[in-house]
Amino acid sequence: MTDWEGLLWLAVLLLGNAFFVGAEFAVIAAKRSQIEPLAEAGSKRAKISLYAMENASLMLATSQLGITVCSLLILLVSEPAVHHLLEGPLGAIGLPSAIVSSTAFVLALLFVTYLHVVLGEMVPKNISFSLPDRAVLVLAPSLVFISRLISPVIRTMNAVANGIIRLTGVVPKAEATSAYTLDQVASIVEESTKTGLLSDRSGALSAAFKFTTKTVQDLTIPMEDLITLPDEASPRDVQNAVSQRGFSRYVLINLEGDPTGYVHVKDLLDIDSSETDYPVPPRRIRNLVALDQSVKLEDALATLRNTGSHVVKVLRQGGQTAGVLFLEDVIEQLVGEVRDATTRR
């Protein structure tokens, strides 16, 4: 093989090395959420890319084998060609023949290593990190094809590697991680907001993350802080309370101070005038659902929605009443302050 053929092989092997490096990082960095819609739309490349991401361990083994082979061939085939091409110019400038060969070897090694690191490693890596979803669509199909051609070799090597990993107590993973914890998502939103890629002027996103960490106890209003009415209160008593306090809902309590239900002013608008001075009819009193104060706030919201309730009774661990929770207070944790239309300002 001539020296010029060796240089041609250098270019080919650098390209091959770049392919395997780019494919390796693309499979790791690509997001399923971006590829799955394309696969569902019928894209064959997207379907193959998903297969590669779901079998990341095999794909990485294929890439590593390809990178190793290309690197070794560069040293075995291309480096000697560059070495030989440099010997002539070095001898022509008057270097002693005793050091021409060693100098040419060092310069050839530095030159080939530089090209290998920059063109064969860093450039494809940076491209795949910058455009992972595009890169995986372009590179994954060829990587999957190569992995199937040498499947016995790759699977054997991967099985041995996984066996060694298990000896250390670590469980090997075959699929690239594409899901995030709540804290990771919160960090992503925070960084995206700082860089201007995401706008959260209302604070709704940040509030949603905090919402998931709270429990019913955090928003419970103790009974002593409530404006309540006795359970024998009449519609007129409710109307007077609305005119004085401005709230639209009032919790009813018995003689022991325990909540028995609540009334909403709109339920009394059509009441007959003959009933205004008698206790509110039971059919117009809304039931209070009971929740333990340790229940997560998101579960409490689901209960309020499913039951159509605006208020729930909150119980301590022993079953005693700790207070009540209002739907309005729960919603405010997500969207900010919500004003009752009847509240006095």
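The values are calculated or read from the model by the stated rules, or taken from the named source; none is laboratory data. All of these numbers come straight from a predicted model, not from anything done at the bench. Here the Cβ positions follow ideal geometry from the backbone for every residue, glycine too, while neighbour counts run over all protein chains shown. Keep in mind that these areas ignore ligands, DNA and RNA; they rest on the heavy atoms of the full protein, side chains included. Shrake-Rupley method; radii C 1.70, N 1.55, O 1.52, S 1.80 Å.
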- Message: Using protein chains only and a probe of 1.4 angstrom, how many square angstrom of SER294 are accessible, to the nearest 10?
- Response: 80 Å²
- Query: In whole Hz, what ³J(HN,Hα) sequence does the stretch 288-305 give by Karplus (6.51, -1.76, 1.60; θ = phi - 60°), x for Gly and Pro?
  - Reply: 9, 6, 9, 10, 6, 5, 8, 5, 5, 4, 5, 6, 5, 4, 5, 5, 4, 5
- Pull up all non-local amide H partners of ILE253: gap of 5 or more, or a different chain, and H-to-H distance under 5 Å with H placed in the peptide plane. LEU229, ASP231, THR260
- Where labels lie 7 Å past Cα in the beta-carbon direction, separation of ALA98 and ASP258 in nm: 10.6 nm
- Task: Kindly express, to the nearest 10 degrees and within the range 0 to 90, the angle between helix 79-92's C-alpha long axis and the longest C-alpha principal axis of the chain.
- Result: 50 degrees
- Accessible-area order (highest first, 1.4 angstrom probe) of the listed residues ARG166, ARG45: ARG166, ARG45
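Tally up the carbon and sulfur contribution to the accessible surface of the chain as a whole percent, 1.4 Å probe, everything protein left in place.
Working: 12040 of 20090 Å².
Carbon plus sulfur share of accessible area: 60 percent.
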- Message: Leaving out ligands and nucleic acids, and using a 1.4 Å probe, what accessible area per residue does the chain come to in Å²?
- Response: 58 Å²
- Note on the structure: Between the modelled labels at THR168 and GLN317 (7 Å from Cα along Cα→Cβ) the distance in nm is 4.2 nm
- Helix 56-73 versus the longest principal axis of the chain: what angle, 0 to 90°, nearest 10, using Cα atoms? 20 degrees
- Query: Helix 151-167 sits at what angle to the longest principal axis of the chain, using alpha carbons and giving 0 to 90 degrees rounded to 10?
  - Reply: 60 degrees
- Apply the Debye scattering formula to the chain, with a single equal point scatterer on each alpha-carbon and no solvent, then give log10 I(q)/I(0) at q = 0.09, 0.14 Å⁻¹. -0.74, -1.11
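So how do LYS44, LYS31 rank on accessible area, 1.4 Å probe, biggest first, that is with the largest at the start?
Heavy-atom accessible area, descending, gives LYS44, LYS31.
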- Post the alpha-carbon centroid distance, the stretch 21-53 to the stretch 227-295, in whole angstrom. 58 Å
